[in-house]
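Notes for the one structure printed next.
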Amino acid sequence: MENCTTLITTLLISSASLVLYGLMRVVYVVWWRPKSLEKQLRQQGIQGTSFNLLQFHGGDMRKMVKVSKETWSKPMSLNHHIAPYVLPSFHQMVQKIPNLAGDVIARTAFGSCFEEGKMIFELQKEQLVLVLEAFQSIYFPGLRFIPTKKNRRRYNIDKVIRETLQDMIRKKEQAMQVNGEFGNNDLLDLLLQDHSQLAHLDNDCLVHAYKLARKAREEVLRTCGNKVPNVENLNSLKIVSMILNEVLRLYPPVTVQQRHTIKKTTIGGMSIPSGVDIWLPTLFFHHDPEYWGDDAGEFKPERFAQGVSKATKDQQNAFYPFGWGPRFCLGQNFAMIEAKMALAMILQTFSFELSPSYTHSPFTLITLQPQHGAPIILHQL
Ligand code: HEM
């Protein structure tokens with residue numbers, strides 16, 4: 001009997017300790033930690049909306065999403081001053097061509113498994129919308145484990161993508177064991193990147209390059225005639241590269257790049273505590289007259305005539321569409337070759353103009369893209 005009482009008491013004490021620990025963890029994560037970060041940042045003059053427990057993980061983000069939606073509901077006038085339109089909160093404080101980009105990546109990355117690759121891209125697109133919806137709704141810890149219809153769909157998409165990729169890798173490994181070599185020379189072992197970035201590039205490229213199309217076409221025809229361009233040809237297409245760089249400056253697919261401090265870090269004399277998200281608004285740097293001059297908002301590929309390093313005033317590093325430092329984009333060369341190849345081959349065959357039905361409404365769905373597409377009228381040469 002005594003043993004039984006001791007056992008029950010031990011169990012009760014253990015359970016109570018567990019519950020207490022759990023409660024303390026929740027209080028630490030949802031209140032103490034954000035409040036302490038806020039205090040440390042405020043002490044160094046960084047202002048902002050106060051942390052509010054009821055809007056945990058959603059406060060400023062929700063406001064930003066609301067302001068963005070309101071702004072994007074109307075098109076802007078046809079000019080390149082897109083920063084306040086695309087990132088309005090910062091300022092206050094698919095059609096055929098996208099498929100082309102997806103197809104090119106699917107074929108290059110997956111080679112023999114092209115159909116599976118395409119299916120993965122389609123699922124990624126659907127997942128993107130579902131993830132954004134989740135991002136915009138009120139967040140409660142653990143909510144994502146409740147089997148609602150959307151949570152189940154998100155989970156299933158993730159599972160299908162993982163299984164398909166694992167299956168493709170398994171098949172490839174088996175083929176390698178049998179043949180002793182890579183059969184298709186594809187990029188299956190490269191990390192997959194959302195192809196919408198390239199879709200964006202193709203679209204905007206076409207929209208904004210048409211003024212220089214004649215010069216660029218002369219260059220393409222001079223360099224490769226009517227043949228399919230090879231890597232050497234692509235490397236010597238100077239005007240085409242200048243156009244693509246200017247498009248990437250005015251319309252960087254990744255408008256904001258992020259870093260997260262995992263330990264106390266000093267930047268520019270400011271001490272940033274561990275656990276802080278830092279947003280680098282690429283779009284703003286790319287449009288800032290302080291670096292680019294008074295014509296920062298104009299489409300002027302000539303500014304890249306002497307290369308990227310000489311394009312800015314005082315040769316400052318204000319151009320980083322593919323990121324910077326050890327985590328810069330692994331797909332940079334691939335993306336540029338694909339874009340050059342697509343543009344060069346279009347220039348060889350067509351002249352083009354922007355359709356009168358185009359409305360200028362660049363917006364971000366993870367990457368920057370034309371909200372209502374970019375219809376182009378092609379004329380066979
Ligand atoms: C126009 C097209 C593209 C743009 C503008 C772009 C831009 C970026 C940016 C800004 C980053 C973050 C860099 C940083 O945090 O410093 C990044 C990372 C990355 N990109 Fe791209 N990207 C493009 C296409 C691609 C393609 C086609 C691939 C793959 C084939 C790719 C693979 C990657 C990978 C693997 C990373 C992560 C690198 C790391 O964290 O170490 N990207 N990209």
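Distance between the pseudo-spin-label points of LYS39 and ILE138 (7 Å out from Cα toward the beta carbon): 2.7 nm.
Estimated at the nearest 10 Å², the accessible area of PHE285 is 70 Å² with a 1.4 Å probe. Between GLN124, VAL160, ALA134, the Cα set farthest toward the positive side of the dipole of the stretch 112-167 (charges on each charged residue's Cβ, about the Cα centre) is that of ALA134. The accessible-area ordering, largest first, of the residues CYS4, CYS224, CYS329 stands as CYS4, CYS329, CYS224, per a 1.4 angstrom probe. Residues whose amide H falls under 5 Å from that of LEU368, counting only those 5 or more places apart or on a different chain, are VAL254, THR255, with hydrogens built in the peptide plane. Solvent-accessible area assigned to carbon and sulfur over the stretch 232-371 amounts to 54 percent, based on a 1.4 Å probe.
Legend: calculated FRET efficiency, GLU353 to ASP158, from the Cβ-Cβ distance at R0 = 45 Å, rounded to 0.05, equals 0.60. Of HIS260, HIS360, the order by accessible heavy-atom surface (1.4 Å probe, DNA, RNA and ligands excluded), from most exposed downward, is HIS260, HIS360.
What pairs in LYS66/LYS125; LYS69/LYS310; LYS74/LYS125; LYS69/LYS125; LYS238/LYS313 have C-alpha atoms more than 27 Å from each other? Beyond 27 Å between Cα atoms: LYS69/LYS310. Derived scalar couplings between HN and Hα for the stretch 244-252 equal 5, 4, 5, 5, 5, 6, 6, 10, x Hz in order, rounded to whole Hz, by the Karplus curve 6.51 cos²θ - 1.76 cosθ + 1.60 (θ = phi - 60°), x for Gly and Pro. For the residues MET345, MET336, a 1.4 Å probe over the protein chains yields an accessible-area ranking, largest first, of MET345, MET336.
For ILE376, the amide hydrogen comes within under 5 Å of the amide hydrogens of SER355, counting only partners 5 or more places away or on other chains and with H modelled in the peptide plane. For PHE350, the amide hydrogen comes within under 5 Å of the amide hydrogens of LEU381, counting only partners 5 or more places away or on other chains and with H modelled in the peptide plane. Extending 7 Å from Cα along the Cβ direction at GLN174 and again at ILE366 yields two label points whose distance is 3.0 nm.
Annotation: LYS300 carries an accessible surface of approximately 70 Å², with a 1.4 Å probe and no ligand, DNA or RNA atoms counted. For the pair HIS81 and LYS66, the difference between a 0.36 nm per residue extended length and the Cα-Cα distance amounts to 3.3 nm. Rounded to the nearest 0.05, what FRET efficiency do LEU18 and PHE145 have when you use their Cβ-Cβ distance and R0 = 30 Å? My answer for the efficiency is 0.95.
For the peptides 269-282, 15-28, the ranking by packing is 269-282, 15-28, with the highest mean count of neighbouring Cβ atoms within 10 Å listed first. Computed with a 1.4 Å probe over protein heavy atoms only, the accessible area of TRP31 comes to about 110 Å².
The values are calculated or read from the model by the stated rules, or taken from the named source; none is laboratory data. This one's a predicted model, so the numbers in the text were calculated from it and none came from an experiment. Note that each Cβ is placed from the backbone with ideal geometry, even for glycine, and that neighbours are counted across all protein chains shown. Just so you know, the surface numbers come from the protein's heavy atoms only, side chains and all, with ligands and any DNA or RNA stripped out. Shrake-Rupley method; radii C 1.70, N 1.55, O 1.52, S 1.80 Å.
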